[in-house]
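Shown next, in structure tokens, is the structure this report addresses.
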Amino acid sequence: MLQCLIPMDLLPSTRSRQLILLVSFFALVFNLSDHFPRRHVFRTPGPSIRAEDIRLKCQNIQSSPGPSPFFLKREVSDRFEIGTNSTLITNATILVGKGNETSIRHGDLYLDKGIVKAIGSLSYLKQANVLNLTVINANEAWVTPGLVDLDTHLGLMSAPFMSGALDASSTKGPTLPWLRNIDGLNPHDEGMQLAIAGGVTSAQILARNSNNIAGQTVIVKLRQTSEGSPLSMVVEPPHSLNKSADSTRWRHLQQACGEVPSEYGNRPDAIWALRAAYARAQNIKAAQDAYCQQAEANAWDDVDAFPENLQYESLVDVLRGKVKVTTQCQGAVDIDALVRLTNEFEFSIASIQHASEAWLVPGLVNRTWGGPPTIALFATNYRYDSSSYRGSEFAPRVLTDAGITVAMKSAHPVVNSRYLLQEAQRANYYGLDSFLALASVTSIPAAAIGLDHRIGSLHEGADADVVMWDSNPLQLGATPVRVWIDGILQIPLPPRIDRDNAINEGIGKEGEEWRRFPSVPKWENERKKAIQWEGLPPLMPRKQGGNIVFLNVKNVWTREGAMRPGSRSHSNLVHITVKGGRIVCFGDDAACPLESVEEYLDLDGGHIAPGMMTFGSSLGLEEISSEPSTGDGSPYNPFIEPVPPILNDPAALASAAEALMFGTRSALTAYRFGVTSATVRETSSGDARNIISGLSTTISTGASHAMERGAIIQKYTALHVAIQRPDPISKTRQVSVSNQIAGLRRLLLGWETQETDTKRWSKKAAEGVIPLVIDVGSADIMATLLILKTEVENQLGTRMRMVFSGAAEAHIIAPEIRNSNVGVILDAKPGVGVWDDRRALPGLPLTNDTTLAVLFKEGVKLGLRCQEAQDARNMLFDLTWAMLASNGVIKKKEAYALVSSNLQDLLGVVTEDVGDLVAYAGGGPFDMSSKTAAVISASRGVVDVF
Ligand SMILES: *[C@@H]1O[C@H](CO)[C@@H](O)[C@H](O)[C@H]1NC(C)=O
Ligand SMILES: *[C@@H]1O[C@H](CO)[C@@H](O)[C@H](O)[C@H]1NC(C)=O
Ligand SMILES: *[C@@H]1O[C@H](CO)[C@@H](O)[C@H](O)[C@H]1NC(C)=O
Ligand SMILES: *[C@@H]1O[C@H](CO)[C@@H](O)[C@H](O)[C@H]1NC(C)=O
Ligand SMILES: *[C@@H]1O[C@H](CO)[C@@H](O)[C@H](O)[C@H]1NC(C)=O
């Protein structure tokens, strides 16, 4: 039998190494590497193999992983960069990152040689004349450990996205434990700096979960190193990456089961692939153990090579308990299979990613071999596929109550890693304890990768990864003022000529309330109901057609403006009487005689405000984005395929009004969170990108079908097109920008001869009867469109109503956009995108301005959009972020208009029927203490009570 891949450290002579390499090569080529003798015959070791080496090797494979007991006593970090000065942060409010409120410390933090050297009262250091000491007075600002993101594709799907920097999935088979993500890691991903700007300092780099075992992951620090290499970014590179490291460092591996890695078969296929791989690893491990047993017994009869296999060695280490395994498993069926796998092969799982149904089966999670893994979740990003359909915003709390640890994660770019902290803020809003919410992005993920001795919490001896915030970190919009990684200042950015250097943060956050932990609503009833209905609680509100009185209202504000409640009471709170969905009276008890009242609702100092509108996602047209049977399918794309004669229309113009789907969970959830209407247009589905998306329609998100009173607010709203550069990832035929523009020009100038829907609606758009909304990111394409607009208007003598949607680079031509009277609908938060969007302004702490703020100051009419149906519910969170990121430029009322009156005007919603009002209990719409209680709908003649 041919042995392969004998470890070189057992073989001193170069000549024999060459020989072994050659043999290994042939062993690989002929795939003879899988079998090992059950029993080894040991000879007395010859001169080339030393018994001592073998014993060492055997000791190493059996050593248990983890830091040495003296780790925290180290003087210099292995990541220390020569020339880094020491820093003393004084007068800080330190959130350690684990524990409860007793772990908050007020005092100073000393960073030296890449390490947190001391925490406490350190004023003596200032007097001690420490060389090159930088002293920073935090003025009691909150200071936390750098955030740790347990799930990102940073560096493997680099921004701006390009096909040449896409190393996130291999197509070479279901189980590939030999692949290493570091081999595809691009250190120049622009997403890394954005993540640091959100306070994220370390991240686990995962490939896409398109294989059952996609390979070995690495944990990196996101800063640029002086060496500039991917390896220098890795925290504690294990022995497999760095031969000089001892074998006690944790290794990392990623697995997946369920519907995501479907390329290689169904669920049972996936689990068999995993079992087959582990069975092989088990055999190798048994051979190694037998070998070592004999070596230890000193039974040197014969010598044979140490049994090893380069393809399966990482799985052998899993079985030896040396690997932190993360597994993506979403459904209960998947988690069950995974738990059985761990018990069959006796290895533990460090974390389960995307575990959407884990909260429904905590007892099952508990039965994982070696103890329950950390469950890594999104706050509200569910219903993107069939196994995430039952995901819940209450999952973090439910799991925590069951004694299971929860980490919040980004799966960047699914959620931009920059906004990782917002996942924790939302989990906190929906009931997760504040300290656990903070731990869910610091110490808990750090423990799940075996690095909590040095990252994820602030203790003496930890890595000097520190973030200083402009508010309490759980307040919406919390922004890093300073970020250190390994003691090296990352934020603010070092001065550079082309940059806006003086960054001013904290504007609008001067009040004491910003320093406190937010107080959040109670959700007991909702949580119980969610569990009782296994994740699908009924969402249709209770309709109240009779008289209803809202008690203790602080502020009423309608589309027309603020109402002046004529209260004489001391508390400034008033009662509002509503009849048939209309406010008929406001004032105190004397002003509003309370007769024949069906219901009283106490708003507890809450506000009544106009309903918000959402635009930009498939909400209203589909339920689950990756399930075609729950949506409308793909409209014809006349630029790349012939339109069938039955349609007899050159552009196969689609009307969203004819594809509506009411009562989807995303629509009803959005309604429950104050988003009462949606303008809906056909979106691209799958690989095909629509150039002409057709006509939009505006609907009520709370209606149950199209024929219900008030369900369709306006049948035809706007004409939508998208002019973009080729998709970097799609494999379908792409149409050039110039061809797209040529097609649009032809339609707008009325050159289409037949009397079709395409001609009719293009004419209306050219004449300004309806808006022409164009999805576009690049400033260059926007300029082309502005020129085209002038051309059309000059030829036809019309005024078009052109609107740019997306428009990430609009700030570059802000004055031109304003002078052309073009409106802009932006994403609420800048993302990481394609080349067309690459110059978007990120905002604080990288730039003072956001694209939104620049356009606002220029006087451009603005709205905000939301691209994912399941995200429409988060409009207020995102709006708050956008408002705070404008650095004081945009005030509350102006911000609210971006998702109500302004957005409606831009999209051409003219009817009065968008006048729903939302009642918030316990605070105003922008307060984390508030929660929606009801929608007052005049057009539908009811009050919907939640
Ligand atoms: C906070 O943690 C400390 C130390 O673990 C413990 O003694 C204390 O009871 C905890 N307090 C609360 C309110 O949970
Ligand atoms: C202090 O800074 C100077 C200039 O960068 C450098 O030459 C020197 O080595 C530093 N000293 C220490 C103790 O870090
Ligand atoms: C370190 O401190 C010295 C003296 O204060 C200063 O000259 C030098 O620029 C600092 N180095 C860095 C990298 O900030
Ligand atoms: C600490 O910060 C607070 C808040 O800015 C300030 O009032 C106080 O004077 C500071 N204390 C010291 C010792 O700098
Ligand atoms: C998990 O197991 C532990 C220890 O056996 C037990 O105390 C706990 O109640 C279990 N939790 C659940 C949710 O089953």
Partner aspartates and glutamates for residue 172 [C-alpha distance under 13 Å; skip if fewer than 8 residues away on the same chain]: 263
Using a 1.4 angstrom probe on the protein heavy atoms only, line up 436, 241, 154 by accessible area, largest first. 436, 241, 154
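Using a 1.4 Å probe and counting only protein heavy atoms, arrange 188, 720 so the residue with the most accessible area comes first.
Values: 188 125, 720 0 Å².
Descending accessible area places them as 188, 720.
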For the stretch 679-745, state what percent of all Cα-Cα pairs lands in each successive 10 Å bin, counting from 0 Å until the bin that includes the largest distance. 20, 36, 25, 17, 3
In the stretch 612-914, how many lysine pairs have Cα atoms under 21 Å apart, counting only pairs 8 or more places apart or on different chains? 18
Counting only residues 5 or more places away or on other chains, whose amide H sits under 5 Å from the amide H of residue 932 once H atoms are built in the peptide plane? 921
At a probe radius of 1.4 Å, what is the per-residue accessible area of residue 877, in Å² to the nearest 10? 20 Å²
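If each residue of separation counts as 0.36 nm, what is the full-extension length gain between residue 524 and residue 128 once their alpha-carbon separation is subtracted? Could the numbers behind the result be given before it?
Details: separation 396, 0.36 × 396 = 142.56 nm, distance 5.41 nm.
This chain segment gains 137.1 nm when fully extended.
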Output the DSSP H helices from the chain with an along-axis C-alpha extent of no less than 24 Å and a mean Kyte-Doolittle hydropathy no less than -0.5. 779-796
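Can you tell me what the convex hull of the Cα atoms of the stretch 612-914 projects to on average, as an area in nm²? Can you show the working numbers first?
Details: hull surface 59.9 nm².
Answer in nm², one decimal: 15.0.
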Roughly how many Å² is the accessible area per residue of the chain, as a whole number, for a 1.4 Å probe? 39 Å²
Which value results for Rg/Rh of the stretch 612-695 when Rg is the Cα radius of gyration and Rh the Kirkwood radius based on the inverse mean 1/r? 1.01
Set of the stretch 699-735 residues, backbone N closer than 18 Å to the point 7 Å along the Cα-Cβ line of residue 640: 721-735
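What do you reckon, how do 433, 836 stack up by accessible area (1.4 Å probe), largest on top?
Numbers: 433 75, 836 10 Å².
Accessible-area ranking of 433, 836, largest first: 433, 836.
Helix-only estimate, please: 222 nm mean residue ellipticity of the chain, summing -39500 (n - 2.57) across DSSP H runs of length 4 or more and dividing by its residues, to the nearest 500. Can you show the working numbers first?
Values: 22 runs with 222 residues, N = 946.
The helix-only estimate for the chain comes to -7000 deg cm²/dmol at 222 nm.
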Give me the percent of the accessible area of the chain that comes from carbon and sulfur atoms, probe 1.4 Å, all protein chains in place. 51 percent
Which residues in the stretch 650-670 place their backbone N less than 18 Å from a point set 7 Å from the Cα of residue 705 along the Cα-to-Cβ direction? 657-665, 668
Given pairs 98/126; 243/285; 285/324 and cut-off 24 Å on Cα-Cα distance, the over-length ones are 98/126
Can you list the aspartates and glutamates whose alpha carbon is less than 13 Å from that of residue 528, not counting same-chain residues fewer than 8 positions off? 393, 401
Heavy atoms of residue 426: accessible area, 1.4 Å probe, square angstrom to 10: 10 Å²
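So between residue 105 and residue 816, what do we pick up on full extension, going 0.36 nm a residue minus the alpha carbon distance? List each step's numbers first, then the result.
On the way: separation 711, 0.36 × 711 = 255.96 nm, distance 5.17 nm.
Computed gain between residue 105 and residue 816 is 250.8 nm.
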Taking Rh as the Kirkwood radius computed over alpha-carbon pairs of the chain and applying Stokes-Einstein at 37 °C with viscosity 0.692 mPa s, one gets a diffusion coefficient in µm² s⁻¹ of 109 µm²/s
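Let me know the shape class of the stretch 351-479, please: from the alpha-carbon gyration tensor, a ≥ b ≥ c as square roots of the eigenvalues, rounded when a/c is under 1.5, otherwise prolate if a/b is greater than b/c, or oblate. Please report the intermediate quantities before stating the final value.
Working: a/c = 1.83, a/b = 1.27, b/c = 1.44.
Verdict is oblate for the stretch 351-479.
So, R0 is 30 Å and r is the distance between the beta-carbons of residue 60 and residue 286; what FRET efficiency does that work out to, to 0.05?
Values: r = 18 Å, r/R0 = 0.59.
Efficiency computed from Cβ-Cβ geometry: 0.95.
The values are calculated or read from the model by the stated rules, or taken from the named source; none is laboratory data. Because the structure is a prediction, the values reported are computed rather than measured. Note that we place each Cβ from the backbone using ideal geometry, even for glycine, and neighbour counts take in every protein chain shown. All accessible areas refer to the heavy atoms of the entire protein, side chains included, with ligands and DNA or RNA removed. Shrake-Rupley method; radii C 1.70, N 1.55, O 1.52, S 1.80 Å.
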